[in-house]
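Below: the structure, in structure tokens.
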Amino acid sequence: MLTPELERYTRALHKKLNLAFDILTDLHLKTAEEFRLVFTLPDYLRDLYKSFGSTLDRFHDESEYRLPMPARYIIDRQGVIRAADVNADYTIRSEPADTVRQLQTLAASN
């Protein structure tokens, strides 16, 4: 998993959820920028986030309210991307069941 959140925040989440995979920090969204997967929240959403107490600037260590577009990549053991899914509409996300099905197909072919 790759997130713009600072490690001090992801470390607690990793422990709380007892995850079997690493959470990597994309500091200042440098990796997401390289893939052109960054968007800046419009003012009305920034204000909404702030009204809920969400301070992305603190969690991401930057003053802009930027986020990566949700993306999912399935990469095989040789480092080849076997499936990719990203949508500029951040409200549309991959179905977890589809991801599991694709992973099962990939595992069965190895």
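The values are calculated or read from the model by the stated rules, or taken from the named source; none is laboratory data. Because the structure is a prediction, the values reported are computed rather than measured. Ideal geometry is used to build each Cβ from the backbone, glycine not excepted, and the neighbour counts take in all protein chains shown. To get the accessible areas, we keep the full protein, side chains included, count just its heavy atoms, and leave off ligands, DNA and RNA. Shrake-Rupley method; radii C 1.70, N 1.55, O 1.52, S 1.80 Å.
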Once the whole set of protein chains is in place, how much accessible area is left on L27, using a 1.4 Å probe, in Å² to the nearest 10?
-> 80 Å²
In square angstrom, what is the accessible area per residue of the chain with a 1.4 angstrom probe?
-> 75 Å²
Which of the listed residues, T40, Y9, H28, is farthest toward the dipole's positive end in the chain, when Lys, Arg count +1 and Asp, Glu count -1 at the beta-carbon?
-> Y9
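Take every Cα pair under 8 Å in the range 52-92 that's 6+ residues apart, average their separations, divide by the length, and report that relative contact order as a whole percent. Don't skip to the answer; put the middle values down first.
Details: 34 pairs, mean separation 11.9, N = 41.
Relative contact order, the range 52-92: 29 percent.
Remind me, relative contact order of the chain in percent, using alpha carbon pairs under 8 angstrom and six or more residues apart? Could you put the intermediate results ahead of the total?
Working: 111 pairs, mean separation 22.7, N = 110.
Value for the chain: 21 percent.
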For the range 38-85, which whole percent of the accessible surface, found with a 1.4 angstrom probe, sits on carbon and sulfur atoms?
-> 51 percent
Integer Hz, Karplus 6.51/-1.76/1.60 couplings in order for the range 42-48, x for Gly and Pro = x, 3, 5, 6, 4, 5, 5
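Under a point-charge model restricted to the Cβ atoms of Lys and Arg (+1) and Asp and Glu (-1), what is the dipole moment magnitude of the chain relative to its Cα centre, in debye to the nearest 20? Mind dumping the intermediate values first?
Numbers: 15 positive and 17 negative charges, 82 e Å.
With Lys and Arg at +1 and Asp and Glu at -1, about 400 debye.
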For the chain, just the Cα atoms, rotate onto the principal axes and tell me the three extents in Å, largest first.
-> 48, 31, 25
Give a residue-ordered list of calculated ³J(HN,Hα) values for the range 67-76 (Karplus: 6.51 cos²θ - 1.76 cosθ + 1.60, θ = phi - 60°; whole Hz; x for Gly, Pro).
-> 9, x, 5, x, 9, 9, 10, 10, 10, 7
So the FRET efficiency between E95 and F21, C-beta based with R0 = 25 Å and rounded to 0.05, is 0.85
